[in-house]
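Some notes on the structure that comes next.
The values are calculated or read from the model by the stated rules, or taken from the named source; none is laboratory data. The structure displayed is predicted, hence computed values, not measured ones. FYI the Cβ positions are ideal-geometry reconstructions off the backbone, even for glycines, and counts take in every protein chain you see.
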């Protein structure tokens, strides 16, 4: 395996004090970084999962297995694979859209600023009194992780790491196969990994009385299917609507409740973005490409923090605020009950989370009896 290195433009945000000003302000700047795209031989790829093409009218998808993950080729509107050199050229030029996807290198960072990139310039070219804070290094690290999600093949194709297909179910829906391709699903539905047909059949039957559909599926190499279920289940509960509710009712970043602040910070980690951005109702590309891996402890903190907030008493001297909380709590219980049930029954115990400090042997102080 070799590495193809390319230079890519990325946005970053710095809180700076311009020359002649007194107060810091956030400004979007443009920088460049060199990333490495791995290469692989076509003979090293295997067809791991096949969906669609037989029943239901969905187009056939062949998910390729490589390096313990699933991959899909970047394709044009016709469905034909796009030449890898063409994609690398588009990435290097900072093209915003190619092969049916937004350029993920332009979407990195806790604060989405792709709209500002066209006018952005280098931070070194601006006369500044002070740089208070700069997220450039964080974004460069995320860009490196995005690069690891692309794979050049020696037959000319370029692949992108896929989250794989999922079983999608909900009220009045026979569970069927959905293919979100690159991004984890965030719609108001329940998703299970394609390998968990027994669980989804049991859950759909017990929750809504629905039977699993007969969508076409071949699991040729299930070992390549990633396990995203804990994160998907947590995000189904800690949705953008819930983050907005929690922020508005608690006071958000100015809240004095440490449990609320911990919940909001963990919620931001689910999507790789700052929770203050998510609370404003971000609609498009909600998950940050190249975000750091989410620890199981953060999943639990986010879900259980939300549960505790809406399940506990709300103390506020203003009766209107208390009434608003009751309305929102009822909406939460009605809308997110199935998602919490799925979390409790199928996901919580699968997570590797330490519940208590381990029993450690006494320290060796060098004493001899």
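Observations, loosely collected:
- Every condition in (1) surrounded by fewer than 16 Cβ atoms within 10 Å (Cβ to Cβ); (2) over 26 Å from residue 224 (Cα atoms); (3) in contact with a strand residue (DSSP E or B) (Cβ under 8 Å, 6 or more places away or on another chain) holds for residue 41 except the one numbered (2).
- Any hit, region 142-154, residues being outside any loop (DSSP other than H, G, I, E, B) and surrounded by fewer than 20 Cβ atoms within 10 Å (Cβ to Cβ): yes
- Where strands (runs of 3 or more DSSP E) sit wholly within region 17-84, those with at least 3 residues that are out of contact with any helix residue (DSSP H, G or I) (no Cβ under 9 Å at 6 or more places or on another chain) and closer than 30 Å to residue 125 by Cα occupy 25-40.
- Among the conditions (1) in contact with a helix residue (DSSP H, G or I) (Cβ under 6 Å, 6 or more places away or on another chain); (2) within 30 Å of residue 210 (Cα to Cα); (3) part of a loop (DSSP other than H, G, I, E, B), residue 109 misses just one, which is (2).
- Residue in region 329-336 that is modelled with pLDDT of 90 or more and crowded, with 18+ Cβ neighbours inside 10 Å present: yes
- Restricting 137, 183, 133 to those that are part of a strand (DSSP E or B), modelled with pLDDT under 95 and surrounded by fewer than 17 Cβ atoms within 10 Å (Cβ to Cβ) reduces the list to 133.
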